[in-house]
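Notes to accompany the following structure.
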Amino acid sequence: MSDKQKIGKNDYHKLDPNSWVNNYGDYLYNYAYYRVNSKEVSEDIVQDTLIAALRAQNSFRGESTELTWLLSILKRKVIDYFRKLGSNKERTITDYTMPFRDEGIFEGHWLNNRLPREWSNEADSSLHQEEFAEILEICLSLLPDKWRSVFVLKFMEELSSDEVCKETGCTPSNFWVIMHRTRLKLRECIENKWLT
Amino acid sequence: MKTLNNMMGKLMTFLMLNCDKATFLLSKKEVEDLRWIESVKLRFHLMSCSYCRRFAQQSALISKQFNSIKVIDPYNLKLKLTDDQKVCIQHKLDSEMNIK
C-alpha cells in the first residue's frame, strides 16, 4: 500500500496548532493588512485569531482545510475591528464637501475647480502599477473611519448592505451615501497625489 | 406636434440625471447591479458628459485595484511577519496551550 492509500478520509484536515504561525502566519497577516490597512493592527488580529482558534478547536469538523477554518475566524475578527472603528463617532466627522454645485440651474453638476482630470490611462499602465497601489493605500487610510469601515466590509469582504449596516450602525439610505462619497473622495485623493 | 414635443420634453426630464446622481449610480454599480431604469438613465447621462465618463473610468480602475488585492496569493505574499513577530505570537499561543 502506498502512503497515500494509508491515509484514510478521516485523517484529512486535522489541526496542528504548533504549525499555525509558520504555515499560515504570513498569509493571514496579508489578508488582514489589505483590509485594515495597518501593520500593527494586522499583527494583533493574527494573534487574536490564532488564540481564538486554539480555544475553539473542538468546533473544527475537519470538513474544510485548516487554513479555510482559520480564515473564517480571521474574517470575523476583521469585522469586529471595523465594527469598533465604524461606531467611533468622534473620528467620523468629516469636512469633505461634495464636488457638485448646490444651487442654480446647474445644481448637481461638477464644480469647475473640482472637475475630474485625466490620470487613469497612465495609472492603469503596468509601469505604474506599484505607484498606483501605494497611492490608493494612502488614500484609503485618509478616509473617515466610518466610511472606510463601510467601504471595506462591502467591497472587500463582500458583506450585504444589511450586514454592513448592522455592524457599523448605518441606515440603508446612509449606506449608499457613504459608498458614493467614499468613491468621490478616493478618486479625488488619487488625482491630487498623482498629478502633483 | 405640440403634444409630441411635450411628451419628449417630459421623457427627457425623466431620463436626465445630474452629475451628482450619475456618480451615485456609478458608485453603486461597482458593488450591486443597477435596476434597469437606473442603467438607462446612467447611459443616457454618460453619452453627453465627458467628466462623468472620466469618473466612470477612474472608478473602475479603483475597483480593479481593490479586486486584485482582495484575494491573497499564498505563493506571492507581499508582506511577511518578522521572525520576532512570529516568536512573539508563538509565545502567546504556547502560554495559552499551557493554561489548558
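Throughout, read-outs are computed from the coordinates displayed, never taken from laboratory work. Just so you know, these numbers come straight off a predicted model, no measurement behind them. Don't worry about glycine lacking a Cβ; one is built from the backbone with ideal geometry, like all the others, and counts go over all protein chains shown.
Some notes on this structure:
- Chain B - Cys residues lacking any other Cys C-beta under 4.7 Å: B:C19, B:C88
- Cα gyration tensor of chain A - equivalent ellipsoid semi-axes, whole Å, descending: 41, 20, 14
- Top of A:A53, A:A32, A:A133 by mean-square fluctuation, Gaussian network on chain A, Cα under 10 Å: A:A133
- Summing charges over all other residues whose Cβ lies under 14 Å from the Cβ of A:E167, with Lys and Arg as +1 and Asp and Glu as -1, gives +4.
- Under-5 Å amide H pairs with A:F100, H placed in peptide plane, nonlocal only: A:L111
- The label-point distance for A:K166 and A:T196, in a model that sets each label 7 Å from Cα toward Cβ, rounds to 4.2 nm.
- Percent of alpha-carbon pairs separated by more than 16 Å within the range A:8-86: 48 percent
- Across the range A:113-125, coupling constants 3J(HN,Hα) worked out from phi with the 6.51/-1.76/1.60 Karplus curve, θ = phi - 60°, read 8, 10, 4, x, 9, 7, 8, 6, 4, 5, 5, 7, 6 Hz, and Gly and Pro carry x.
- In the range B:2-73, the alpha-carbon atoms span a convex hull of 81 Å³ per residue.
- Residue by residue, the range A:183-196 carries 3J(HN,Hα) couplings of 4, 4, 6, 4, 4, 5, 4, 4, 4, 4, 6, 5, 8, 10 Hz when phi is fed to the Karplus relation 6.51 cos²θ - 1.76 cosθ + 1.60 (θ = phi - 60°); x denotes Gly or Pro.
- Dipole of the range B:1-57 [Lys/Arg +1, Asp/Glu -1 at C-beta], most positive-end residue of B:L34, B:F55, B:T13: B:T13
- Rel. contact order, % - alpha carbon contacts under 8 angstrom, at least six apart, chain A: 20 percent
- Value at 222 nm in deg cm²/dmol, rounded to 500, when DSSP H runs of n ≥ 4 in chain A each add -39,500 (n - 2.57): -18500 deg cm²/dmol
- Springs join every pair of Cα atoms under 10 Å in this Gaussian network model of chain A, and among A:D145, A:D124, A:D48 the largest mean-square fluctuation is at A:D124.
- For the range B:9-14, 3J(HN,Hα) computed residue by residue from phi via the Karplus equation (6.51, -1.76, 1.60; θ = phi - 60°) reads x, 5, 4, 4, 4, 5 Hz, glycine and proline entered as x.
- Subtracting the Cα-Cα distance of B:S50 and B:R35 from 0.36 nm times their residue separation leaves 3.1 nm of extension gain.
- Compared with the dominant principal axis of the Cα atoms in chain B, helix B:19-29 is inclined by about 50°.
- Farthest positive-ward along the protein assembly as shown dipole, Cα basis, beta-carbon charges - from A:Y96, A:L111, A:S126: A:L111
- Residues of the range B:76-100 with amide N under 18 Å of the 7 Å Cα→Cβ point at A:S19: B:90, B:94
- Full extension of the segment from A:I105 to A:T65, taken as 0.36 nm per residue of separation minus the current Cα-Cα distance, would add 8.4 nm.
- Axis of helix B:50-70 versus longest Cα principal axis of chain B: the two differ by about 20°, to the nearest ten degrees.
- In degrees, nearest ten, helix A:66-86 long axis to first principal axis of chain A (Cα): 30 degrees
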